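Reviewing the structure listed below.
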Amino acid sequence: MIKFEKVNKWYGEHHVLHDVDLTIGKGEVVVICGPSGSGKSTLIRTVNRLEEIQKGSITVDGQDIHAKKLNLNQLRQRIGFVFQQFNLFPHMSAAENIMYSLVYVQKQNKQDARKQAEQLLQRVGLAHKADAFPGALSGGQQQRVAIARALALKPPVILFDEPTSALDPEMVGEVLQVMKTLASEGMTMVCVTHEMGFARDVADRVVFMDAGHIVEIAKPEPFFSQPQHERTKRFLADIIRV
Ligand SMILES: Nc1ncnc2c1ncn2[C@@H]1O[C@H](COP(=O)(O)OP(=O)(O)O)[C@@H](O)[C@H]1O
Ligand SMILES: [Mg+2]
């Protein structure tokens, strides 16, 4: 589904992704973890071309996404993205946030789009908040609306960049629960997260990054019980201590 081959990226002189090789299968849930600044966000942002790469290739469903003639809008319709900071349109209701791509990208009429938005809100447990504005929703609710919005165009893949890091602790669970349900429905998901419980329970594989390198890729059980690399052991010890 997603294939990184020898991917390298620089910000100016700063080499932030080093020869990244990773293949993610259809229906797979991959958790990416690693210290701050290790290149996790940069890596997933390359998949929908929020970041350019300078060397290597990335294909999604066999399509080279860094090809010059690629239609970027079409690509982004096929890849959902959920950000740490929700990024909802503040002047639109929850339903309108979700309807936006249906109406303006897919040219659906507003009535049909509204119906779909309501169904999507139901999937994330927020049917009763269709007409609420983001400012009137809790962080956890806003992030669930953002997930519903990411689902609107029925993308085969959703990327998550620390979707629970901006939330108060009591709201983390409701967002992880929605993600867990999506995973069980067979969605292909790449999740940058420090939620190691989620990684253990839901991930098919865990990727550990450090300083722009993929250091280790393993299934959760061996990843947590027998990490192979010194840097992975140190990282796990550090996050379990906090
Ligand atoms: N827009 C940018 N310009 C220059 N350097 C950046 C930019 N974004 C990130 N970086 C640098 O790239 C490295 C990787 O960052 P990032 O992918 O955000 O790491 P992570 O998500 O793992 O915390 C860091 O050293 C960071 O400072
Ligand atoms: Mg990041």
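Quick look at the values:
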{"read-out": "Relative contact order of the stretch 75-162, pairs being alpha-carbon contacts under 8 Å that are 6 or more residues apart, as %", "value": "51"}
{"read-out": "Over the stretch 142-222, relative contact order from alpha-carbon pairs under 8 Å, at least 6 apart, %", "value": "26"}
{"read-out": "Mean Cβ neighbour count within 10 Å, used as a protection proxy, ranking 224-230, 131-137 highest first", "value": "131-137, 224-230"}
{"read-out": "Rg/Rh (Cα only; Kirkwood hydrodynamic radius) as it applies to the stretch 16-122", "value": "1.02"}
{"read-out": "At least 15 Å along the helix axis (C-alpha) and Kyte average at least 0.0, DSSP helices within the chain", "value": "94-104, 169-184"}
{"read-out": "Cα pair distances of the chain binned at 10 Å [whole percent]", "value": "7, 31, 35, 21, 6, 0"}
{"read-out": "Span from the the stretch 134-176 Cα centroid across to the the stretch 1-73 one, whole angstrom", "value": "22"}
{"read-out": "Per residue Cα convex hull volume in Å³ - calculated over the stretch 1-72", "value": "90"}
{"read-out": "Inter-site label distance for H213 and V105 at 7 Å from Cα along Cβ, in nm", "value": "3.7"}
{"read-out": "Label-zone membership for the stretch 103-144, site D168, 7 angstrom Cα→C-beta point, backbone N under 14 Å", "value": "136-142"}
{"read-out": "Residue pairs, from the table K154/K180; K6/K219; K3/K26, whose Cα atoms sit over 20 Å apart", "value": "K6/K219"}
{"read-out": "Förster radius 41 Å - calculated FRET efficiency between K68 and R200, Cβ distance, rounded to 0.05", "value": "0.50"}
{"read-out": "Relative contact order of the stretch 83-128, pairs being alpha-carbon contacts under 8 Å that are 6 or more residues apart, as %", "value": "30"}
{"read-out": "Protection-proxy order for peptides 15-22, 114-121, 140-147, 26-33, each taking the mean of Cβ atoms within 10 Å per residue, highest first", "value": "140-147, 26-33, 114-121, 15-22"}
{"read-out": "For a label point 7 Å along the Cα-to-beta-carbon line of F89, residues of the stretch 147-163 with backbone N under 16 Å", "value": "147-153"}
{"read-out": "Kirkwood hydrodynamic radius over Cα pairs of the stretch 98-242, then Stokes diffusion coefficient at 10 °C and 1.306 mPa s, in µm²/s", "value": "94"}
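Laboratory data are not the source of any read-out in this text; all were calculated from the coordinates shown. Nothing here was measured: the structure is a model prediction, and the numbers come from that model. When we count neighbours, we look across all protein chains shown, and the Cβ atoms used for this are built from the backbone with ideal geometry, even at glycine.
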